[in-house]
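Below is one structure; the comments refer to it alone.
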Amino acid sequence: MLKKIMAYSVGPIGSGLIGLITLPMITWFYSVEDVGRISMLQVCTSFFVLLFCMGLDQSYIREYHEVSNKPQLLKVVFLPSLVLSIMALIGVSFYDNLIISKWLYGISSYYLSMISCACFVVALASRYLSLILRMQDRALAFSISQLLPKILFLVFVLGVVWLGFAKDSYSLITANALSLFAAFAIYLWNTKYDWLPIFKEKFDWSQFKISLAFGLPLVIGGLASWGLNVMDRLFLRNMSTYTELGVYSVAMSIGAIATLFSGIFNTIWAPMVFKWVSEGNVDFKKIDDISEYVLAAIYFVVVLSGLFSWIIPYFLPQSYAEIQFIISACLLGPLFYTLSETTAVGIAIARKTKLAMLASVLAMLINLVANYFLVPLYGAGGAAISTAIAFWFFYIFRTELSKVVWRNFKTKKAYTITLALIVLAVLNVLVPFSIYTRIVMWFFAMLFGIYLFKNLKLIELMQIKRI
């Protein structure tokens, strides 16, 4: 298990390190507005993948270990998504071939519309191909497929600067698109022995009905989850400026670097637990212990980000100085999501996917209301606070619903600690403390955390292997 974790870590950690190089470069060479526009492309791409997967990608994960004909399962889940997505894009293009670029970027451009459509389809196909590597535990191949596009994106950006091309939205979006295409090519090669056989397989309508029945309820919940993740940027796009959107997007990107372990954990966790279930070997204490360690890791990641946030302005242009105040709040969303994965796994085990939908919808509504009131007042800071609060409720909803359909477990300590993190993050955003006061506040929070988790010990190597 330790080797597997290390192999899965190559992609996220390598991507994060490359991001540390690429992100400051982009902020120095491209305008804040351009950074905001690339963020909108990423938001819309994630929406497209989520909508047209129709929950069938989650069905693939759930059914993979329980079906013998893996190529047929891939065809059953992938083909409907691909056909429906292409038909939808053709329909939109016939209606108005400029509508995508106008809505996403505020620019009327046929080129930007077409390259955005290509990004959508390629990202959708890559989603399914990446699941093959993930479910086969081909951890290193999965990581390399994630890492190389980041390297190529850096090369493309350097090429634009070195060759003297225009540093505008066109070149930045093109570089992003080329990195997606590169990822797709790598996935195709790494999974060629898995997707080539699907052409010989018949479409199994009975398996499709089973997969759709499991996955379709997740679409509404997934869309709500998407809204929960991107509501902040949509409100900044429509109720604020591209400048605020750009600042917030960079802050979230920095936050993504600091939450590398979240991506690693989320990639491994669900398939691992489903494997335990299929083998009839579920250890509840092991799950509770992992949840406790994740809680501790989240606490110290957020506290350390607040303690050292004053360093950020030294690496970015002055127009991004606000990031040092909102970075801790930006971290809370993805970290609370990761924590909820440890407590809400019972919902998937019990196949109560409608409950996952309910948790996402409720949290999205909270995010919507909070953004509506806070974004006009505080801009990027208001968006960060709204998202943090919404994800805290999302974590609570998922946890309580999992306790109802699966098993009861203790949550009081976790709820109290996560609420304390929200309070600290909100104070950091809204209250004009001096830099020294902020450092003292976060330093005492760190000492308190050491006291809270003093009984935790490092997981022994043999325990990790047994997982």
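Return the total of residues in region 158-174 being part of a helix (DSSP H, G or I) and surrounded by 12 or more Cβ atoms within 10 Å (Cβ to Cβ). Walk me through it before giving the result.
Step one: of region 158-174, the residues part of a helix (DSSP H, G or I) are 158-163, 169-174.
Next, only the ones that are surrounded by 12 or more Cβ atoms within 10 Å (Cβ to Cβ) stay: 158-161, 169-174.
Of the residues in region 158-174, 10 are part of a helix (DSSP H, G or I) and surrounded by 12 or more Cβ atoms within 10 Å (Cβ to Cβ).
Test PHE142 against the criterion of being among the hydrophobic types (A, V, I, L, M, F, W, C), at pLDDT 85 or above and crowded, with 18+ Cβ neighbours inside 10 Å, and give yes or no. Steps first, answer last, please.
Numbers: among the hydrophobic types (A, V, I, L, M, F, W, C): yes; at pLDDT 85 or above: no; crowded, with 18+ Cβ neighbours inside 10 Å: yes.
The answer is no for PHE142.
Which residue is nearest to the chain's Cα centre (by Cα), if the candidates are limited to region 126-143 and must be free of Cβ contacts under 8 Å to residues at least 60 places away in the same chain and either outside the structural domain of MET40 (by TED's automatic domain parsing) or in a helix (DSSP H, G or I) (or both)? Reasoning before the result, please.
The first filter runs over region 126-143 and keeps only residues free of Cβ contacts under 8 Å to residues at least 60 places away in the same chain, leaving 130, 133, 136, 138, 141.
Next, only the ones that are either outside the structural domain of MET40 (by TED's automatic domain parsing) or in a helix (DSSP H, G or I) (or both) stay: 130, 133, 141.
Numbers: SER130: 15, LEU133: 18, ALA141: 20 Å.
The selected residue is SER130.
Across region 414-445, what is the total count of residues that are of a type outside the set (Gly, Ala, Ser) and without any contact (Cβ under 8 Å) to a residue 24 or more places away in the chain?
Going residue by residue through region 414-445, those that are of a type outside the set (Gly, Ala, Ser) are 415-419, 421-424, 426-433, 435-444.
Pick out the ones that are also without any contact (Cβ under 8 Å) to a residue 24 or more places away in the chain and you get 415-416, 423, 427, 431-433, 436-437, 440, 444.
Number of matching residues: 11.
Can you confirm whether ALA425 is aliphatic (A, V, I, L, M) and more than 19 Å from ALA380 (Cα to Cα)? Even if it seems obvious, please write down each step before you answer.
Numbers: aliphatic (A, V, I, L, M): yes; more than 19 Å from ALA380 (Cα to Cα): no.
No; evaluated as a whole, the condition is false for this residue.
Among the residues of region 322-358, count how many are modelled with pLDDT of 90 or more and either among the charged types (D, E, K, R) or closer than 26 Å to TRP28 by Cβ (or both).
10
Taking the conditions exactly as written (among the polar types (S, T, N, Q), in a helix (DSSP H, G or I) and at pLDDT 85 or above), does SER211 satisfy them or not? So that I can check it myself, show each step before the final result.
Values: among the polar types (S, T, N, Q): yes; in a helix (DSSP H, G or I): yes; at pLDDT 85 or above: yes.
Yes.
So, GLY164, is that one out of contact with any strand residue (DSSP E or B) (no Cβ under 8 Å at 6 or more places or on another chain) and modelled with pLDDT of 85 or more or not? Walk me through it before giving the result.
On the way: out of contact with any strand residue (DSSP E or B) (no Cβ under 8 Å at 6 or more places or on another chain): yes; modelled with pLDDT of 85 or more: no.
Taking the combined requirement at face value, the residue does not satisfy it.
The values are calculated or read from the model by the stated rules, or taken from the named source; none is laboratory data. Small disclaimer: the values here were computed from a predicted structure and weren't measured. Positions of Cβ are backbone-derived with ideal geometry, glycine not excepted, and every protein chain shown enters the neighbour counts.
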